[in-house]
1. Quick one: if the Förster radius is 22 Å, what FRET efficiency do B:Gln146 and B:Glu255 give, using the C-beta to C-beta distance and rounding to 0.05?
2. Identify the residues of region B:208-223 with backbone N under 16 Å of a label point that sits 7 angstrom from the Cα of B:Phe230 along the Cα-to-Cβ direction, or state none.
3. Show the residues, 5+ positions off or on another chain, whose built amide H is closer than 5 Å to the amide H of B:Gly236.
4. Using a 1.4 angstrom probe, figure out how much accessible area region B:136-259 has per residue, in square angstrom, rounded to the nearest whole.
5. If you take the accessible area of B alone plus A alone and subtract the pair, what total do you get in square angstrom, rounded to 100, with a 1.4 Å probe?
6. Check B:His272: other-chain or 5+ apart residues with amide H under 5 Å from its amide H, H built from backbone geometry?
7. What shape does region A:63-182 take by its C-alpha gyration tensor, where a ≥ b ≥ c are the square roots of the eigenvalues and a/c under 1.5 counts as rounded, a/b above b/c as prolate, and the rest as oblate?
8. Using a 10 Å cut-off around each Cβ of peptide A:160-172, what is the average number of partner chain Cβ atoms that fall inside?
Amino acid sequence: MFFSGGLATTLQTECILEQTYGQWWQTLHRTMLRGVLGKTFRLIGYTIQYGCIVHCTFEYVGGVVMCSGPSMEPTIQNSDIVFAENLSRHFYGIQRGDVVIAKSPSDPKSNICKRVIGLEGDKILSSSSSDFFKSHSYVPMGHVWLEGDNLQNSTDSRYYGPIPYGLIRGRIFFKIWPLSDFGFLRDNPNGHRFSDD
Amino acid sequence: MHCPEQTRSSPRSERPKSARFLCPPTRATSGPKSWSEGSAVRPGCLLPGSVGQVVEVHKALTQQDFKARVCRFYFQGFGQIGRGHKITSYPFSPRKSGRKDMAQSQGWVRRYFKAFCKGFFVAVPVAVTFLDRVACVARVEGASMQPSLNPGGSQSSDVVLLNHWKVRNFEVQRGDIVSLVSPKNPEQKIIKRVIALEGDIVKTMGHKNRYVKVPRGHIWVEGDHHGHSFDSNSFGPVSLGLLHAHATHILWPPERWQKLESLLPPERLPVHREEE
């Protein structure tokens, strides 16, 4: 008798607690929470929408990039800000002499910024100019040969070989900082690196 | 606010049949005394200063409807004057069967256009980002991955689910089936199995070197159908930057629904593994 009575009271208190809790939740829901939740969802929705627009712009149109490193001097100095466009990559319009941004072949999470010296099928002077015996090599299909403008201080295709075209992310065509150097990029200062093909 | 004096120069047939006027008649005019008659507003004339000054309506309109109609009327009116047309519609013209309010039909087109633009600029970037970053679906062609994919040859090609999210940090395991941009033809994607990661030494089949050490940031991929596959045995190790997606499931044909296991055939294990 004692146990059943105890059980009954326990169940009763539980029911009462649930009821009050339910009522409290309902009131809260009706008054404040709905407004706050609604606003939160709307904010999340807008964030997702604008994030997707930003992603599509950077992926398919272009963006602003800051370059660091000495390997492209004097064309691009350390911590310069440039415009990069991705339309040439998607339409396969990269030419010889373009400065491109590519994924590094040995570290896919970092980018490199070099100039295209040779496209597929070109004959490239792959030995340095100080060697007596010049050696040539051909760029394989689907690859490009990249070199930095600062030949003494640049690890590029002379070190790791030609890189596949699929690693190229975009083409740099305009510098916007520093303002003293505002404008389109200069041509290759090492013109003699081109071999006739 | 003055109304231009009623002129009799325009022939009666030109005047609209039952026009309402938009400004109160001044006492000086000797026009009709009753509102309901109204004086004919000459077509082409826009009464300045009488915006919203409707004296009488014959139909009970809600205030919002009334404001909207007057605004639309003046908007049209200005537009038409700019183009040198006559005003040919009035906000409270009587309803004739089959004759829709020009203001309302134009509003419908504009509303539709606005909704379309809004939907377009929301849906297209979200869809494109999802297909680029999260997952997409692709059909497999060719026999280089038999018997895992396309066992039927040219009769039926499998459709696989490609998961971009798993490779967003370029983390793959030995035995995964992955899709990558072909190093020989950047317009094409190829689907192969990962045999070795960076640092492993692989015993090649048909490569110019017998043993190859996979450099840093590269992987060695091979198709399951040796001899009929254009893979690392032809073009060497591929850079991880070319990785496109990880193929996780076969979606079509329905009798081949399965999760693709990432297992490595034992004879293709690397000769030396680089354990982290």
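The values are calculated or read from the model by the stated rules, or taken from the named source; none is laboratory data. Computed from a prediction, not measured in an experiment: that's the story for all the values here. Counting neighbours? That spans all protein chains shown, and the Cβs are built from the backbone with ideal geometry, glycine included. Surface areas here come from the heavy atoms of the whole protein model, side chains and all, with no ligands, DNA or RNA. Shrake-Rupley method; radii C 1.70, N 1.55, O 1.52, S 1.80 Å.
1. Computed FRET efficiency for B:Gln146 and B:Glu255: 0.85.
2. B:221-223
3. Here the answer is none, since no amide H 5 or more places off falls under 5 Å of that of B:Gly236.
4. Details: 5840 Å² over 124 residues.
Result: 47 Å² of accessible area for each residue.
5. On the way: alone 18100 and 13190 Å², together 29440 Å².
Heavy-atom accessible area buried at this interface is about 1800 Å².
6. B:Ile201
7. Details: a/c = 1.95, a/b = 1.35, b/c = 1.45.
Because a/c hits 1.5 or more and a/b fails to exceed b/c, region A:63-182 counts as oblate.
8. On the way: counts 3, 1, 0, 4, 12, 8, 16, 7, 2, 1, 0, 0, 0.
Average per residue, whole number: 4.
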